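Report on one structure; see the data block that follows.
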Amino acid sequence: MAKKRTMVYADEEDLAIIKEAAKRYGVSEAEIIRNAIHRAAMSSRIWEEPFFSRTSKPLRSESHREAKEQVWDDQYERYRRMRDER
C-alpha cells in the first residue's frame, strides 16, 4: 500500500516513549507511529456486517489465548527479521 506523508504534533513525553520503543524493537520511529495509527484506525472502524456471524465456522481450533499469543509471536518475529536485515 502506498504511503502518504503527513505532519503530526506530539507531546515530548510521547515522542520519548516512541524513540525508546523503536530502539528496543530495532525499527524506525516512523514504523512505530505507522503501527499505532493503523491500530487506532482499525479500532474506530465501523463494520457494515458483524465480524462473526452464526453461520460462519471458526477458522481455527485454537482458544482466544492461543490466538493472542500467536499474534504476539508473529509480531515479535516480524520485528526481529526487520532488525536482522539492518
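Each reported figure results from applying straightforward, stated rules to the coordinates on display, with no laboratory input. As the structure is a prediction and not an experimental result, all values here were calculated from the model. Because the Cβ atoms are built from the backbone with ideal geometry, glycine has one as well, and the counts that use them run over all protein chains shown.
Phi angles across the stretch 29-36 convert, under the Karplus curve 6.51 cos²θ - 1.76 cosθ + 1.60 with θ = phi - 60°, into 3J(HN,Hα) values of 4, 4, 5, 4, 5, 4, 4, 5 Hz, Gly and Pro given as x.
What the phi angles of the stretch 64-77 give under the Karplus curve with 6.51, -1.76 and 1.60, with θ = phi - 60°, is a coupling list of 4, 5, 4, 5, 4, 4, 5, 4, 5, 4, 5, 5, 4, 4 Hz, glycine and proline written as x.
Sorting 3-12, 67-76, 20-29 by average packing, meaning the other beta carbons within 10 Å per residue, from highest down gives 20-29, 67-76, 3-12.
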